[in-house]
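The values are calculated or read from the model by the stated rules, or taken from the named source; none is laboratory data. Because the structure is a prediction, the values reported are computed rather than measured. Here the Cβ positions follow ideal geometry from the backbone for every residue, glycine too, while neighbour counts run over all protein chains shown.
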């Protein structure tokens, strides 16, 4: 089967990387959409002429435009999704197109449910958050905790390399909540903590120690809803260079002290300052998922899954869930119809082939108070947790 995919935000940091993969994906007719035709032409040249160019404004997109384009699937990779409207979602449903986005905006992803009835009636899939969070993070937790009796804590963290591209939308997303109160489930109850606060050091295998701070992401809600941890569900992110991480932490104090309402208007100058540090650090980024709880044998255990990417491959990770969903839609392997966050729709097997292709490494461990039950290195993203004591 062949499907036509309209990729909005195709010239962005993540959009370009998704376009690169869709351009060579069998059974996919790619349409590249954005606001600036010169950028689209440049991208098309990089893709060896692949992709039909569509100049459009996502804020003014209509169902009639989509019907004229004849697309089957719309992917919104534009962002930032914090405080974003739902024009693209509504146009997609009305036109009878499937919709996928890479949203990391907590309120935006949560609000996608309001379109469930309309999507069911139109028999389309409307899926938000097809990215590292919540799509990949939930796939990891699903595998780590298979057959567990209960979950105590969940921690997810992402730390890109300093030389990774810094998209303006990503900067705006982080700065939109830095210093503002973020609702988080900690110590067995909902409480507030400052965005880009709760700073601490975390060790990443293959990457070393990196600073992490609290992020306002959909997982802060979704991890609690799906997995019901007894004590905590937390999401953190970090910058490789301590001077940049601490610098953002200090700037966020201005918001906490109510000297400024938000750091988001400073996105462009702060992005420029960060670019001055590009010669430093590395291109190595990583992701970590830690879960504690009680396994099928009623032992208190901690499972950990880590991912490391180098040679500029890290920015591809947030695109892999959207690619996996396109493949499922093309092959008629996605039965879901309705509107929901991208949880329980993909498993780690959906990511393995891309992990191998980009030489992305993973490591899985399972430990109890009796010692390490299993420690496995997945050299090509194909690690699986097994119980060495009962295998």
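Sort through 105, 96, 79 and tell me the only one that's surrounded by 19 or more Cβ atoms within 10 Å (Cβ to Cβ) and at positive phi. On inspection, the qualifying residue turns out to be 79.
Here is a yes/no grid of residues against (1) closer than 19 Å to residue 104 by Cα; (2) assigned to a loop (DSSP other than H, G, I, E, B):
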site: 158; (1), (2): yes, no
site: 163; (1), (2): no, yes
site: 169; (1), (2): yes, no
site: 174; (1), (2): yes, no
site: 179; (1), (2): yes, yes
site: 196; (1), (2): yes, yes
site: 222; (1), (2): yes, no
site: 226; (1), (2): yes, no
site: 233; (1), (2): yes, no
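Is it true that some residue in the range 2-13 is within 18 Å of the chain's Cα centre (by Cα), within 22 Å of residue 97 (Cα to Cα), assigned to a helix (DSSP H, G or I) and in the same structural domain as residue 87 (by TED's automatic domain parsing)? So far as the range 2-13 goes, no, none of its residues is within 18 Å of the chain's Cα centre (by Cα), within 22 Å of residue 97 (Cα to Cα), assigned to a helix (DSSP H, G or I) and in the same structural domain as residue 87 (by TED's automatic domain parsing). Right, residue 139: in the same structural domain as residue 241 (by TED's automatic domain parsing), outside any strand (DSSP E or B) and surrounded by 22 or more Cβ atoms within 10 Å (Cβ to Cβ) or not? Judged against the criteria, residue 139 is a match. Out of all the residues in the range 55-76, which are surrounded by fewer than 20 Cβ atoms within 10 Å (Cβ to Cβ) and over 25 Å from the mean Cα position of the chain (by Cα)? Those that are surrounded by fewer than 20 Cβ atoms within 10 Å (Cβ to Cβ) and over 25 Å from the mean Cα position of the chain (by Cα): 55, 60, 62, 63, 64, 65, 67, 68, 69, 70. Considering only the range 77-93, I want to know if a residue exists there that is under 24 Å from residue 334 (Cβ atoms) and more than 24 Å from the chain's Cα centre (by Cα). Checked the range 77-93: no residue is under 24 Å from residue 334 (Cβ atoms) and more than 24 Å from the chain's Cα centre (by Cα).
Against the test of being in the same structural domain as residue 236 (by TED's automatic domain parsing) and farther than 29 Å from residue 360 by Cα, the options 174, 184 yield a single qualifying residue, 184.
So which of 49, 27 is at pLDDT 95 or above, farther than 26 Å from residue 108 by Cα and in contact with a helix residue (DSSP H, G or I) (Cβ under 8 Å, 6 or more places away or on another chain)?
Details: 49 fails: in contact with a helix residue (DSSP H, G or I) (Cβ under 8 Å, 6 or more places away or on another chain).
Unique residue meeting the criteria: 27.
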